[in-house]
Structure formats: structure tokens, C-alpha cells
1. Yes or no: residue 67 at pLDDT below 95 and farther than 14 Å from residue 115 by Cα?
2. Can you spot a residue in region 128-140 that is under 25 Å from residue 20 (Cβ atoms), free of Cβ contacts under 8 Å to residues at least 24 places away in the same chain and acidic (Asp, Glu)?
3. Is there any pair linking a residue in region 80-91 that is more than 13 Å from residue 55 (Cβ to Cβ) to one that is of a type in the set (Lys, Arg) and modelled with pLDDT of 95 or more, with Cβ under 6 Å and at least six apart or on different chains, and which?
4. Can you run down the residue pairs with Cβ atoms below 6 Å, 6 or more apart or on separate chains, where the first is in region 55-69 and more than 16 Å from residue 17 (Cβ to Cβ) and the partner is open to solvent by 30 Å² or more (accessible area, probe 1.4 Å) and assigned to a loop (DSSP other than H, G, I, E, B)?
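The values are calculated or read from the model by the stated rules, or taken from the named source; none is laboratory data. Source: prediction; values computed, not measured. Cβ sites come from the backbone with ideal geometry, for glycine too, and all protein chains shown count toward neighbours. Calculation scope for accessible area: heavy atoms of the full protein, side chains included, ligands and nucleic acids excluded. Shrake-Rupley method; radii C 1.70, N 1.55, O 1.52, S 1.80 Å.
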Amino acid sequence: RCPGCKAVSPDFLRIIEANPDVRFVFKEWPILDRGDDVVSQYAARAALVANQQGKYLPVHQALMAEASLSQEAIDRILAENGVTVAPGAIASPETTRHLTDISTTAQVLKVDATPTFLINGRATPSIAPQDVAAAIAAAKAA
């Protein structure tokens with residue numbers, strides 16, 4: 001649901017493809033929910049279920065490409081990508097713990113927005129793809 005995440009997603013995929021020697025780690029941090037609106041939380045949990053089945057990146061890309069996320073759209077994206085959602089998987093204690101750990105880590109690192117790109121533990125100066133690519137190149141050269 002994050003406009004910034006959606007905006008950089010296609011360029012970021014190109015950065016991943018251009019750097020097969022770099023380990024990229026995505027962290028789901030659903031911070032856009034308000035009140036009864038928990039679509040971000042549901043999407044993050046769905047992505048983690050997809051990850052357990054080795055289907056994270058295609059599901060992530062489909063979620064980013066979806067114009068307006070809803071629980072129904074998320075369920076459709078999971079099905080289209082062959083993700084089987086066992087009863088209770090979305091709300092499992094393991095998934096809850098994982099998301100809590102990410103939130104705690106964000107607080108410790110003083111991360112206050114999504115997306116944030118960390119290269120060797122340092123935030124990039126912006127989310128602009130050229131800045132992320134430059135930070136990766138600098139880290140590789142060091």
C-alpha cells in the first residue's frame with residue numbers, strides 16, 4: 001500500500017537483476033493500517049507465507065503492481081502465484097513474532113519510513129533507484 005514502495009518496485013527489481021552477487025533481504029513492515037483497516041498487515045503476512053513456499057518475489061511484485069489492495073486482491077494474488085494458505089497461516093504466532101521483530105528492529109535502527117534501503121547497515125540517502133544502485137556499487141568497491 002505504500003506509495004513509495006510501489007513507485008520504486010520496478011526499478012528495484014532491475015537493481016536486483018543487475019546484481020546477482022548481492023544478497024537482497026526484504027523486511028515486511030506494515031505501517032499504514034489505521035483502526036479497522038488492516039490490509040497492510042494482511043499483505044505483509046501473506047508475503048511471509050509466500051516466502052515460506054519460495055514464492056516471495058513474484059507475490060511481492062504482484063502486490064506492488066496491484067492498484068488497490070484489499071484482502072480479496074491479496075488472496076487472488078496468492079492463488080495466482082500458487083501459494084497455498086493453510087488455515088491459520090496468516091495469523092500464526094510465528095508470523096506475528098516475525099513482524100514484531102521487524103518493528104522492533106526498525107525502532108532500534110531509527111527507521112521511520114518505508115521504503116528504507118540499508119546497504120551494509122547504512123541507509124541510502126534517498127529511495128531514488130540511482131542512489132540505491134550507487135550505494136551498492138560503493139559497497140562492492142570497498
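1. The answer is yes for residue 67.
2. Within region 128-140, one or more residues are under 25 Å from residue 20 (Cβ atoms), free of Cβ contacts under 8 Å to residues at least 24 places away in the same chain and acidic (Asp, Glu).
3. Cβ pairs passing all conditions: 90/45.
4. Partner pairs satisfying both residue conditions: 55/81; 59/81; 69/1.
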